[in-house]
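The values are calculated or read from the model by the stated rules, or taken from the named source; none is laboratory data. As the structure is a prediction and not an experimental result, all values here were calculated from the model. Methodologically, a virtual Cβ is constructed for each residue, glycine included, from the backbone with ideal geometry; neighbour enumeration extends over all protein chains shown.
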Amino acid sequence: MNGKKLELLYLLKTHFFLITLFLFIAQCTKNYSPTKYSIEQFYQNNRIGGGAFSNDETKLLVSSDESGIFNVYEIDISSGKKTQKTFSEKESFFAIDYLPGANQILYSADKGGDELNHIYLMNEDGTTTDLTPGENEKASFAGWSENKKSMYFISNKRNPQFFDFYKMNIENWESEMLYKNDNGINISNMSEDETWLAFSQTITTSENKLFLTNRINNSTIELSDKPGSYIASGFSKDNKYFFFITDVGKEFAYLVKYGIETKEQEVLFQTTWDVMYSYLSRNEKYRVIAINEDGKNTLFIKDLVNNSDVYFPEILDGDIIGASFSESEEKIRLTIGTSKSPNNIYVYDIGSKKLMKLTETLNPEINANDLVAAEVVRYSSFDGLDIPAINYKPLDASKRNKVPALVWVHGGPGGQSRTGYSSLIQYLVNHGYAILAVNNRGSSGYGKTFFKMDDLNHGDKDLKDCIWGKKWLQGQDYIDTENIGIIGGSYGGYMTMAAMTFTPDEFKVGVNIFGVTNWLRTLKSIPPYWESFRNALYKEMGDPTTVDSIRLYEISPVFHAHKVKNPVMVLQGANDPRVLKIESDEIVAGIEANGVTVEYVVFDDEGHGFRKKENEIEGYGKILTFLETYLKGEGETSQN
């Protein structure tokens, strides 16, 4: 072969190599195009909660909505087999615990989302008894006595405004009142010997008083000598120590040990994030401490006998929602979710160091690789304040494929957007909508100064934080900057309507999910059992019976519906005791009178939020149709 042929062959090979390399690079850098899933597929995921150990520690009692509504299930720990225990088709049933020494179970249920929960006993043959049958009674389980012969619970059956503390004998189911609440000072904990009671008195949404009272001699110790937040965290088994969580003198809450006889305090744990909760295992071998770390929970388990940490395998992107020890202290039940998967139940065996996953809540039809991992970001608001947020970027979004976006606002006031799984968020992102879940000033989890920043200023600076979130989105090269909406539930629904009325040119659409629109009515009509919290809420939001009513009128969207310019969607539960249906009726009528598009979806069998899958499928499917029509502007579409 002569030189020219060799040279030509070399050129051809080089050219072929470069073309192949270019195609390979192009393929690698090409955006992943996820499979699009229907709303029905997303809500074939299962929500699961609870996880009480059976008496022999071979099973767990949980709540799951895999039947379409929450029911009680039993999971065999060794096999993972799940057995349905209740078969409700109308009301949601939530697992509480097994009866000590028996196979009977306790569960909780209300009616149609009215939040008047009762405690029910279910026998082995499936028959049930309402243990708290008062017509307007709201009751909550509060634990077992030391000898396991009695159940503690709180109930407002005597006075709808306040919760008394009761002890019920589980042999004859007769109850006695241990504490009569006539002033809104609520019981938080009781020592095992029933001598000491811990009480909390709410002052504001960020401040409360904490007391210890001796039932024998009626003496009282106040632990809240300085203003701040105080959360009871239990007594030691020998009744000599009391534990509590406080933020006094610090930005973030920390754990304290208090000697009841010595009056000495010792800081047991603190970090640069809030301690959310802490408790001791049954025989005090272990202490559990949960930290709210930048939108997700981090769990610390301390071996107090060996003065060491207990480590268990890390779940990537895991958010540890809850944890509980078995009575033997040999097993830990963990409830862990990720941004791409609903919560799952795990059991960790301390001896064998084996972590067992007992549930798989993500619909097997959905490939987790088609979902989006949450990304924590921060942006500067109008005044330079850093605002934390959770960003969800569609997998196929790019500079060449710009996507519409939504600012997502959490509930509250004082809630927090977190990195955990949301079927609605993943559904919308899967269908090509970027979402920025803002933690506007006033959100919890970022220090007490940040938490108080929206007090008596709602609908102003917190709303501007949302608008500056929109501006941050507009700075991303994959965003269709002209097509950005706002969405939220409860307080987030209020922020949505505030945005659409007070800044009507900022967002192209708004989706209000059972949101407040009339603060004057809402603050006057709060449920009676919120009485102990009423004044604290008034101190944050304003008192509707005083001159504050002027400001509350000004920040209530219902009185400014004529300012709305862009399409709005409203979802409402007819039985909502917090945001009354009439509020949504009135804001919808006001927008319609203005000639602006408004879609109104009411659910007759829901309260403040959705519990039934069929309603979530209908309501959230309609949200996508609304967005496709009025945000993307693509006209009517199917919900798939």
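Residue under question is residue 167, and the condition is that it be part of a strand (DSSP E or B), farther than 21 Å from residue 222 by Cα and of a type in the set (Lys, Arg); does it hold? Yes, satisfied.
Taking every residue in the range 472-488 that is under 11 Å from residue 407 (Cβ atoms) and pairing it with any residue that is small (Gly, Ala, Ser) and assigned to a strand (DSSP E or B), at least 6 positions away or on another chain, the pairs with Cβ-Cβ distances below 8 Å are 472/389; 473/405; 473/434; 484/405; 485/405; 485/510; 486/510; 487/510. Per the listing 332, 345, 260, 301, the residue uniquely among the hydrophobic types (A, V, I, L, M, F, W, C), closer than 20 Å to residue 231 by Cβ and not assigned by TED's automatic domain parsing to the domain that holds residue 224 is 301. Here residue 412 passes the criteria (1) of a type outside the set (Phe, Trp, Tyr); (2) in a loop (DSSP other than H, G, I, E, B); (3) buried (at least 20 other Cβ atoms within 10 Å of the Cβ); (4) on the phi < 0 side of the Ramachandran plot except the one numbered (4). Close contacts from the range 514-525, counting a first residue that is within 11 Å of residue 578 (Cα to Cα) and a second that is crowded, with 24+ Cβ neighbours inside 10 Å and among the aromatic types (Phe, Trp, Tyr), with Cβ to Cβ under 6 Å and a gap of 6+ residues or different chains, come to 515/494; 516/494. Evaluation of residue 24 against the conditions (1) in a strand (DSSP E or B); (2) among the aromatic types (Phe, Trp, Tyr); (3) modelled with pLDDT under 95 shows that the sole unmet condition is (1).
Selection over the range 345-365 of residues that are touching a helix residue (DSSP H, G or I) at 6+ places or on another chain (Cβ under 7 Å) and crowded, with 18+ Cβ neighbours inside 10 Å gives a count of 1. Of the residues that make up the range 535-552, is at least one in the same structural domain as residue 487 (by TED's automatic domain parsing), under 15 Å from residue 497 (Cβ atoms) and surrounded by 18 or more Cβ atoms within 10 Å (Cβ to Cβ)? Checked against the condition, which is being in the same structural domain as residue 487 (by TED's automatic domain parsing), under 15 Å from residue 497 (Cβ atoms) and surrounded by 18 or more Cβ atoms within 10 Å (Cβ to Cβ), the range 535-552 yields at least one hit.
Evaluating residue 576 against the criteria (1) acidic (Asp, Glu); (2) surrounded by 19 or more Cβ atoms within 10 Å (Cβ to Cβ); (3) part of a helix (DSSP H, G or I) leaves one unmet condition, (3).
The number of residues in the range 450-502 being part of a helix (DSSP H, G or I), among the aliphatic types (A, V, I, L, M) and over 26 Å from residue 552 (Cβ atoms) comes to 1. For the range 335-363, the tally of residues that are farther than 17 Å from residue 75 by Cα, assigned to a strand (DSSP E or B) and either touching a Gly at 6+ places or on another chain (Cβ under 7 Å) or without any contact (Cβ under 8 Å) to a residue 24 or more places away in the chain (or both) stands at 3. The one condition from (1) within 21 Å of residue 143 (Cα to Cα); (2) modelled with pLDDT of 95 or more; (3) not β-branched (Val, Ile, Thr) that residue 215 does not meet is (2).
It is to be established whether one or more residues within the range 291-298 are closer than 28 Å to residue 55 by Cα and not assigned by TED's automatic domain parsing to the domain that holds residue 228. Among the residues of the range 291-298, not one is closer than 28 Å to residue 55 by Cα and not assigned by TED's automatic domain parsing to the domain that holds residue 228, which makes the answer no. Do we find a residue being in the same structural domain as residue 236 (by TED's automatic domain parsing), part of a loop (DSSP other than H, G, I, E, B) and hydroxyl-bearing (Ser, Thr, Tyr) anywhere in the range 207-218? No: zero hits.
Contact annotation: residue pairs with Cβ atoms under 6 Å, 6 or more positions apart or on different chains, pairing a residue in the range 231-253 that is closer than 25 Å to residue 327 by Cβ with a partner that is among the small types (Gly, Ala, Ser) and in a loop (DSSP other than H, G, I, E, B), are 235/191; 239/191; 245/253. With the requirement that a residue be more than 20 Å from residue 44 (Cα to Cα), among the acidic types (Asp, Glu) and within 25 Å of the chain's Cα centre (by Cα), what does the range 75-109 give you? Of everything in the range 75-109, just one residue is more than 20 Å from residue 44 (Cα to Cα), among the acidic types (Asp, Glu) and within 25 Å of the chain's Cα centre (by Cα), namely 97. The set of residues in the range 171-206 that are crowded, with 20+ Cβ neighbours inside 10 Å, in a loop (DSSP other than H, G, I, E, B) and in contact with a strand residue (DSSP E or B) (Cβ under 9 Å, 6 or more places away or on another chain) comprises 181, 191. Being assigned by TED's automatic domain parsing to the domain that holds residue 510 and surrounded by fewer than 16 Cβ atoms within 10 Å (Cβ to Cβ) holds for only one residue in 599, 614, 606, and it is 614.
Search the range 36-48 for residues being in a loop (DSSP other than H, G, I, E, B) and out of contact with any helix residue (DSSP H, G or I) (no Cβ under 7 Å at 6 or more places or on another chain), and hand back the single one that is nearest to residue 109 (Cα to Cα). Looking at residues that are in a loop (DSSP other than H, G, I, E, B) and out of contact with any helix residue (DSSP H, G or I) (no Cβ under 7 Å at 6 or more places or on another chain), I get 47.
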